[in-house]
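The block underneath contains the structure these notes are about, expressed in structure tokens.
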Amino acid sequence: MRPLIPPKNKVTPGSAGGIVNVYSHFFPVKKHSEGKKTMGRTKTGDLYRAPFPLYTVHVHKETGLVITAGGGGASKTGIKNGVHFLSLELVNGQHSATLLHSHDTNTRATMNMAIGGDVMAAGQDGCCSLMRFQQRSTKESRKAGNKQAGSGGEQGGPRRRGGRGQAKCAKDGVEMRDDSSHLVVEELGEVCSDLSPTDALQKCVRFSSDLSLLLTGGADGHVRVWEYPALNKKLDFRAHEGEIEDLDISSDKKHIVTVGRDFACCVWSEDQLAMGLCWHDNMPNITDKMYRYQACRFGKVEDHPGAVRLYTVQIPHKRERKPLTCYLTKWEGQSFLPLLTKPCGREVISCMDVSETGTFLGLGTVTGSVAIYIAFSLQKLYYVQEAHGIVVTDLAFLPASGKGQSVLGNNEAAMLSVAVDSRCKMHVLPNRRFFPMWLVLLLCGLLVVGAVLLLQHMFPGFI
């Protein structure tokens, strides 16, 4: 996805109708009705609203920081490009976000991102820019210079930390707080991740689990792999005819999976094609060019250490008058045999994420809806229709360990979603109530004893 710059005469701030008009301008699809939504929920409030379109979001496991980025691109529309660092808190059971730092990315919008330790790999046009973020004391921050001086003063409701002197009031009346520590972003360099002759664009980026490799996929169909942190190019091969939509690498680094606009899902061993996957072998009504792959993710298997699953999303290649159903497929992570395929609605899927434990899958759609599924059964647990006014661009589950666990609260899972409407929203799954097995067995035993005593009372000599 390239930066979407809303035409000024088509949208007004705070106008939901204007946002839908902008969406129609960029995505001319016909609206459709799926009937009554039994899983539909009331729209969630905004956790945070940025002054620019948001394209990517991540949660830093070690610090609990929420990192989201986007912008208006190189067009001279007055829409900024930047990366925002948010502090996430749980207050009285409600999540709130505080803007800690805003990093200006000049004329380049960050379209995708991966986090490795304290380093962020950001896809900006045809390059992958690497930035280190750290929290420093006030003295250290001042010594670092004034590199970030022009990145402050952002609009929006959340508070912003940093800055000297007494707390001041922002335009919306929210207090600006002054803390003794500041977040500093340091530019480490960049690598070229796409060599398209026109409109070069990095489509996706990943770190390997041990942070020894950095992988990027470009609009030119090439996968590029760098040794990290040295950034020596290790591999550069053409994986697809056309744009790469998504890629991921297994935890043991033996396999790279890529999906592209050429209808293919490929499993690679280094730069050698190991196999191509086909999700509809047992579905004769679906032809080869009817669907294409949109996203792929490896995930753990809960309570099975070492086991891995691969999840892919398939969306219709062409938009029909009567929208076709999208599908979600689970694969065995070593042999890549298909285990389960389930329909996931008629809204076209735009992005996917897998929770840290591998328990849940998150899906976002081009119409702004958000859903959470059980990874084991691919059963839908949570759904909010049109949570955003426009295409959902990225999702991120809160980590189940580290500082992310402290803001999870009394919830089984929580997931962030961002969209081109500049909003970041929180979606939570409350803990499901389960009866302990010993209590179930005890109740069953009591029922049996009660039934026997009742029969003995009604029919003396029964036993």
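What net charge is computed for the residues neighbouring GLY242, neighbours being all others with C-beta under 12 Å from the C-beta of GLY242, Lys and Arg scored +1, Asp and Glu -1? Write down the numbers at each step before the final one.
Numbers: positive: LYS203, ARG238, ARG261, ARG292; negative: ASP220, GLU241, GLU243, GLU245, ASP262.
With Lys, Arg at +1 and Asp, Glu at -1, the neighbours total -1.
Roughly what would the spin-label model give for ASP118 and LYS342, points 7 Å off Cα along C-beta, in nm?
4.1
Sort the following peptides by mean Cβ neighbour count (other Cβ atoms within 10 Å, averaged over residues), highest first: 307-315, 399-407, 239-247.
Details: 307-315: 22.2, 399-407: 16.3, 239-247: 20.7.
Packing order, densest peptide first, comes out as 307-315, 239-247, 399-407.
For the range 212-355, what is Rg from Cα atoms divided by 2.2 N^0.38 Å, rounded to two decimals? Mind showing how you got there, number by number?
On the way: Rg = 15.4 Å, N = 144, 2.2 N^0.38 = 14.5 Å.
Working it through for the range 212-355, the quotient is 1.06.
Could you give the length gained on full extension between ARG238 and THR77, defined as 0.36 nm per residue of separation minus the Cα-Cα distance, in nm? Don't skip to the answer; put the middle values down first.
Values: separation 161, 0.36 × 161 = 57.96 nm, distance 3.52 nm.
Answer, rounded to one decimal: 54.4 nm.
When Lys and Arg each count +1 and Asp and Glu each count -1, what net charge do the other residues less than 9 Å away from VAL225, Cβ to Cβ, add up to? Please report the intermediate quantities before stating the final value.
On the way: positive: ARG224, LYS233, LYS234; negative: GLU227, ASP236, GLU270, ASP271.
Around VAL225, the charge tally is -1.
Take peptides 414-423, 371-380 and line them up by average Cβ neighbours within 10 Å, highest first, as a rough protection proxy.
Values: 414-423: 26.5, 371-380: 17.8.
Listed from highest to lowest mean packing, they are 414-423, 371-380.
Please give the solvent-accessible surface of SER335 in Å², to the nearest 10, using a probe radius of 1.4 Å with every protein chain present.
SER335 has an accessible surface of roughly 50 Å² with all protein chains in place.
Evaluate Rg over Rh across the range 306-408, taking Cα atoms for both radii and Kirkwood's formula for Rh. Write out the running numbers ahead of the final one.
Values: Rg = 14.4 Å, Rh = 14.5 Å.
Taking Rh as the inverse mean 1/r over Cα pairs, Rg/Rh reads 0.99.
Give, in nm to one decimal, the length gained when the segment between TRP438 and LEU453 is fully stretched (0.36 nm per residue of separation minus the Cα-Cα distance). Intermediate results must be reported in sequence, preceding the final value.
Details: separation 15, 0.36 × 15 = 5.40 nm, distance 2.25 nm.
Here the segment from TRP438 to LEU453 would lengthen by 3.1 nm.
Could you compute Rg(Cα) / (2.2 N^0.38 Å) for the range 368-463, with N its residue count? Let's see the in-between values first.
On the way: Rg = 23.5 Å, N = 96, 2.2 N^0.38 = 12.5 Å.
Cα-based Rg divided by the globular estimate yields 1.89.
Given the protein chains as shown and a 1.4 Å probe, how many square angstrom of LEU340 are accessible, to the nearest 10?
Rounded to the nearest 10, that gives 50 Å².
Considering only LEU381, LEU447, MET426, whose Cα is most displaced toward the positive end of the charge dipole of the range 372-463, charges sitting on Cβ of Lys, Arg (+1) and Asp, Glu (-1)?
LEU447
Filter the chymotrypsin sites (Phe, Trp or Tyr not before Pro) in the range 380-438 to those in DSSP coil with at most 14 other Cβ atoms within 10 Å of their Cβ, and list the result. Don't skip to the answer; put the middle values down first.
On the way: sites: TYR382, TYR383, PHE397, PHE434, TRP438; in loops: PHE434.
Those that pass, being in a loop and sparsely packed, are PHE434.
The values are calculated or read from the model by the stated rules, or taken from the named source; none is laboratory data. Predicted, not measured: the structure shown is a model, and the values here were computed from it. Counting neighbours? That spans all protein chains shown, and the Cβs are built from the backbone with ideal geometry, glycine included. Note: areas computed on protein heavy atoms with side chains; ligands, DNA, RNA excluded. Shrake-Rupley method; radii C 1.70, N 1.55, O 1.52, S 1.80 Å.
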